[in-house]
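For reference, the structure is listed below as structure tokens.
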Amino acid sequence: MVNTPICNFCAKTGVLCKKCKQKLRKKKINQLDIEISKAFAKIELRYAKQLQNVTFERAHKMNGSVVLLTRNGNVLLENQEILDYLESELRQPIEIVERKGDTRTTFSQFFAPLDIIEIDQIFVPPEGDVELRITLSGNPDDLRFPLKQLEQIAKLISKNPVRIEIQ
């Protein structure tokens, strides 16, 4: 069974329970997360075994594509039928970003072909919030998406504000 940001009952019925409505109200999830969760519930009937360890965490629209943040999402990349089905349900191309064990590994895949020089945590007063500063090397024209959009996705991944610098 695919783990999604909403509970299985809500994904299968399309009606949000009190807990999932609260997540939506507090902006822990968005409408796109709900749509994708429902699509996973439909396709899971056909591909239950392949999708049993997949976790879908969040989604974000970028440049006419939908970026899915997943864990164990390699199955989606390996099975073109599943990817095609999701793309047809959303009527948009899908990019998969695999959340790995640590932030650096996740971001290195995300910012490829640029190289990560360093990732710094900066404490921002007065509340002591944490901001990530990611320093990359390479040509920003080689990125798949514009830098500002990548910052937005990086913020979703890290759950902190992100500032990207290129050397």
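Remarks
- Residue selected from the range 84-94 under the condition part of a helix (DSSP H, G or I) and free of Cβ contacts under 8 Å to residues at least 12 places away in the same chain, by the criterion surrounded by the most Cβ atoms within 10 Å (Cβ to Cβ): Glu87
- For Thr103, the test of being within 17 Å of Lys159 (Cβ to Cβ) and either of a type outside the set (Gly, Ala, Ser) or loosely packed, with under 13 Cβ neighbours inside 10 Å (or both) is passed.
Here is a yes/no grid of residues against (1) within 22 Å of Lys61 (Cβ to Cβ); (2) modelled with pLDDT under 80:
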site	(1), (2)
Pro126	no, yes
Arg133	no, no
Gly138	no, no
Leu156	yes, yes
Pro161	yes, no
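- The condition (being in contact with a helix residue (DSSP H, G or I) (Cβ under 7 Å, 6 or more places away or on another chain) and free of Cβ contacts under 8 Å to residues at least 12 places away in the same chain) is satisfied by just one residue among Lys61, Lys100, Lys49, Lys38: Lys100.
- The set of residues in the range 8-23 that are surrounded by fewer than 17 Cβ atoms within 10 Å (Cβ to Cβ) and out of contact with any Lys or Arg (no Cβ under 7 Å at 6 or more places or on another chain) comprises Asn8, Phe9, Lys12, Thr13, Val15, Cys17, Lys18, Lys19, Lys21, Gln22.
- When the range 50-82 is filtered for residues that are in a helix (DSSP H, G or I), crowded, with 18+ Cβ neighbours inside 10 Å and either of a type in the set (D, E, K, R) or at pLDDT 85 or above (or both), the ones remaining, listed by number, are Leu51, Ile82.
The values are calculated or read from the model by the stated rules, or taken from the named source; none is laboratory data. Since this is a predicted model, take the numbers as computed values, not measurements. Ideal geometry is used to build each Cβ from the backbone, glycine not excepted, and the neighbour counts take in all protein chains shown.
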